[in-house]
Amino acid sequence: MTMRLAVFISGRGSNLAALLGAQKNSGYQVVHVISNNAQAQGLEIAHENGVNNSHVLWKERDSGEKHALALLETIQPDLIVLAGFMKVLSAEFVGRFENKIINIHPSLLPLYPGLNTHQRVLDDQQSTHGASVHVVDDQLDHGQVLSQTRINIEANDTAATLSERLIEKEHRLLIKTVQMIASGQLSCDNGWRFEGEPLLKPWVEDT
Ligand code: GRF
């Protein structure tokens with residue numbers, strides 16, 4: 001059975017575009033896109049791809065979440081993917097979809113939650129950087145990390161070059177992680193499991 005995805009965005013939507021580009025025969029389908037930003041480029045991407053999409057006013061968290069919940073009741077997604085969604089969800093909202101919301105974040109969590117991760121790894125003179133897909137809880141970039149991808153930081157890297165190199169790997173990581181959930185390779189049954197065994201550390205994308 002095809003896993004139905006609702007994707008939450010706030011902006012550019014390149015992760016959304018990557019998910020859409022890979023969804024044929026992949027075990028998942030993006031059935032709805034929700035944006036808190038009416039100007040988000042990602043809404044255009046949804047529209048161009050014939051995917052249902054909605055702008056939800058999110059000035060106040062309560063009203064934003066209430067509106068999103070009403071939409072989700074009709075959409076009935078199997079999984080919610082936050083892909084560049086710039087809001088933190090409440091414990092109540094997350095509790096309704098326990099282990100059913102994942103987020104892509106451009107750092108090797110638990111290092112560098114929050115914004116400007118590329119500049120922050122450079123400021124700290126780190127030698128590696130990466131991206132993580134994690135389960136969403138009510139704290140910023142915080143729940144269990146399911147999967148990661150890494151890049152080496154070179155001497156002449158800037159925040160811009162890191163961002164450019166990492167985004168392609170982010171896209172691959174997000175697609176792969178969603179596919180693994182769709183196929184059951186990655187599952188949540190009494191804790192997260194990889195091929196039936198407890199997931200003790202994040203699955204790592206090597207390519
Ligand atoms: C990505 O770097 C993602 O990891 C982060 O926000 C950015 C969104 O990019 N959470 P896009 O909107 O998917 O292009």
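The values are calculated or read from the model by the stated rules, or taken from the named source; none is laboratory data. Since the structure is predicted, the reported quantities are computational estimates derived from the model, not experimental observations. Because the Cβ atoms are built from the backbone with ideal geometry, glycine has one as well, and the counts that use them run over all protein chains shown. To get the accessible areas, we keep the full protein, side chains included, count just its heavy atoms, and leave off ligands, DNA and RNA. Shrake-Rupley method; radii C 1.70, N 1.55, O 1.52, S 1.80 Å.
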Item to check | ³J(HN,Hα), Karplus 6.51/-1.76/1.60, whole Hz, each residue of region 13-21, x for Gly, Pro | outcome: x, 5, 5, 4, 4, 5, 4, 5, x
Next on the checklist: Under 5 Å between amide hydrogens, which residues at least 5 positions from Ile34 or on another chain qualify, with H placed 1.01 Å from N in the peptide plane?
Outcome noted: Val7, Phe8, Ile9, Ser54
Checklist entry - ³J(HN,Hα) across region 40-52 via Karplus (A = 6.51, B = -1.76, C = 1.60, θ = phi - 60°), whole Hz, x for Gly/Pro? => result 4, 4, x, 5, 4, 4, 4, 4, 4, 8, x, 9, 3
Checklist entry - Dipole magnitude of region 62-207 about its Cα centre, charges +1 at Lys/Arg Cβ and -1 at Asp/Glu Cβ only, in debye to the nearest 20? => result 140 debye
Checklist outcome for this item: Over the chain, with neighbouring protein chains present, the accessible area per residue in Å² at probe 1.4 Å is 52 Å²
Checklist entry - Between the DSSP loop rule and a limit of at most 13 other Cβ atoms within 10 Å, which GluC sites (Glu not before Pro) in region 2-101 are left? => result Glu60, Glu98
Item to check | Leu199 long-range amide H proximity, modeled H, under 5 Å | outcome: Trp192, Arg193, Phe194
Checklist outcome for this item: antiparallel share of DSSP beta bridges within the chain, to nearest 5, in %, is 45 percent
Next on the checklist: I need the calculated FRET efficiency for the pair Leu57 and Asn116, taking r as the beta carbon distance and R₀ as 30 Å, to the nearest 0.05.
Outcome noted: 0.70
Next on the checklist: Starting from the Kirkwood Rh over alpha-carbon pairs, what translational D in µm² s⁻¹ does region 87-207 have by Stokes-Einstein at 10 °C and 1.306 mPa s?
Outcome noted: 106 µm²/s
Checklist entry - Please identify the GluC sites (Glu not before Pro) of region 108-177 that satisfy two criteria: DSSP loop assignment and at most 12 other Cβ atoms within 10 Å. Which are they? => result Glu154
Checklist entry - For region 49-137, what's the relative contact order in percent, using C-alpha pairs closer than 8 Å and at least 6 residues apart? => result 26 percent
Checklist entry - Near the amide H of Leu146, under 5 Å away, which other amide H atoms are found, from residues 5 or more places off or on another chain, if H is placed in the peptide plane? => result Val133, His134, Val135
Checklist entry - Could you state the number of Å between the C-alpha centres of region 74-117 and region 141-207? => result 14 Å
Checklist outcome for this item: Summing -39500 (n - 2.57) over every DSSP H run of at least 4 residues in the chain and dividing by its residue count gives a helix-only mean residue ellipticity at 222 nm, to the nearest 500 deg cm²/dmol, of -10000 deg cm²/dmol
Next on the checklist: As an exercise, identify the trypsin sites (Lys or Arg not before Pro) in region 47-94 lying in DSSP coil whose Cβ has no more than 10 other Cβ atoms within 10 Å.
Outcome noted: Lys59
Checklist entry - Of all accessible surface on the chain at a 1.4 Å probe, what whole percent is carbon and sulfur? => result 47 percent
